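Okay, structure first, notes after.
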Amino acid sequence: MRIIAGEKRSRRLKTPEGMDTRPTSDRVKESLFSILLNRLPGARILDLYAGSGALSLEALSRGARSAVLADKSKKACQVIRENIQTLEYSDRARLLAMDDHTALTLLRKEGAQFDLVFLDPPYRMRTESVCTRILEGEMLAEGGMIVVEHAKETPPNDIASLVLISRRDYGATGISFYQREEERDR
């Protein structure tokens, strides 16, 4: 796995060993970031279920301002720490070694807001309640977008106050893009 574009282009990333983490393929990542290209400069990123950190680290390489990466796996967190250090992003990337509920509670207390939220949980996990918590905690900035990676055959159900803007399928992987309902036409 590698950084595809930006200031850290072609730099290699470590990935956690074993079957617990399913890294986003370079092909899917390249397509995803082509879609998000205009949203990246200066963006504040939240990467829940970060795995190797590949999505948020790619965003930083392409001009995002900052990233918060959260994962509860000790193996994944060790790899994320190493990737952040290797890419020299310690000043722009923050790792939260905790589950999604604890991370969102902490970020809400801090008043954190994000322009892009990446949700790439295990495919069997539903993300609707996580999206609801992000919205209720006012963590999605005005004009912000939530990007959910999921199994192609099991896209997220409708999420209160969010509208599906686009959905793309890449083999067995699906990616769904959501914005607040009142912001969809902006």
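The values are calculated or read from the model by the stated rules, or taken from the named source; none is laboratory data. As the structure is a computational prediction, the values presented were derived from the model and not from experiment. Neighbour counts run over all protein chains shown; Cβ positions are idealised from the backbone, glycine included. Only protein heavy atoms, including side chains, enter the accessible area calculation; ligands, DNA and RNA are left aside. Shrake-Rupley method; radii C 1.70, N 1.55, O 1.52, S 1.80 Å.
Points worth noting:
- Take the conditions (1) closer than 23 Å to R168 by Cα; (2) in a helix (DSSP H, G or I); (3) open to solvent by 10 Å² or more (accessible area, probe 1.4 Å); H101 misses just one of them, which is (1).
This table checks each residue for (1) surrounded by 21 or more Cβ atoms within 10 Å (Cβ to Cβ); (2) touching a residue at least 12 places away in the same chain (Cβ under 8 Å).
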| residue | (1), (2) |
| --- | --- |
| E88 | no, no |
| L96 | yes, yes |
| L116 | yes, yes |
| L119 | yes, yes |
| Y123 | no, yes |
| T127 | yes, yes |
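- The condition (being hydrophobic (A, V, I, L, M, F, W, C), farther than 22 Å from L57 by Cα and at pLDDT 90 or above) is satisfied by just one residue among L104, L164: L164.
- Checking each residue in the range 52-69 for being surrounded by fewer than 24 Cβ atoms within 10 Å (Cβ to Cβ) and either out of contact with any helix residue (DSSP H, G or I) (no Cβ under 9 Å at 6 or more places or on another chain) or not hydroxyl-bearing (S, T, Y) (or both) picks out S61, R62, G63, R65, V68.
- The residue list D91, D169 contains one member that is under 29 Å from R11 (Cα atoms) and assigned to a strand (DSSP E or B), which is D169.
- Within the range 35-55, the presence of a residue that is among the hydroxyl-bearing types (S, T, Y) and assigned to a helix (DSSP H, G or I) is excluded.
- The set of residues in the range 138-166 that are of a type in the set (S, T, N, Q) and part of a strand (DSSP E or B) contains only S166.
- The lone exception for L37 - which of (1) hydrophobic (A, V, I, L, M, F, W, C); (2) at pLDDT 95 or above; (3) surrounded by fewer than 20 Cβ atoms within 10 Å (Cβ to Cβ) it fails: (2)
- Cross-chain or 6+ apart pairs with Cβ under 6 Å, the range 157-186 first and touching a residue at least 60 places away in the same chain (Cβ under 8 Å), then open to solvent by 20 Å² or more (accessible area, probe 1.4 Å): I175/R168; F177/I165; F177/S166
- Condition check for D115 on (1) modelled with pLDDT of 95 or more; (2) in contact with a helix residue (DSSP H, G or I) (Cβ under 7 Å, 6 or more places away or on another chain); (3) within 21 Å of T15 (Cα to Cα): one failure, at (3).
- For Y123, the conditions (1) at pLDDT 95 or above; (2) of a type in the set (F, W, Y); (3) more than 25 Å from K8 (Cα to Cα) all hold with the exception of (1).
- In the range 156-185, the residues that are aromatic (F, W, Y) and touching a Ser or Thr at 6+ places or on another chain (Cβ under 8 Å): Y170, F177
- Residue check: R27 meets all listed conditions (1) open to solvent by less than 60 Å² (accessible area, probe 1.4 Å); (2) modelled with pLDDT under 95; (3) more than 25 Å from C131 (Cβ to Cβ) but one, namely (1).
- Against the criterion of being more than 15 Å from the chain's Cα centre (by Cα) and either on the phi > 0 side of the Ramachandran plot or assigned to a strand (DSSP E or B) (or both), E182 does not qualify.
- Residue pairs meeting the criteria (Cβ under 8 Å; at least 6 apart or on separate chains; first on the phi > 0 side of the Ramachandran plot, in the range 52-75; second assigned to a loop (DSSP other than H, G, I, E, B) and surrounded by fewer than 20 Cβ atoms within 10 Å (Cβ to Cβ)): G63/G6; G63/P41; G63/G42
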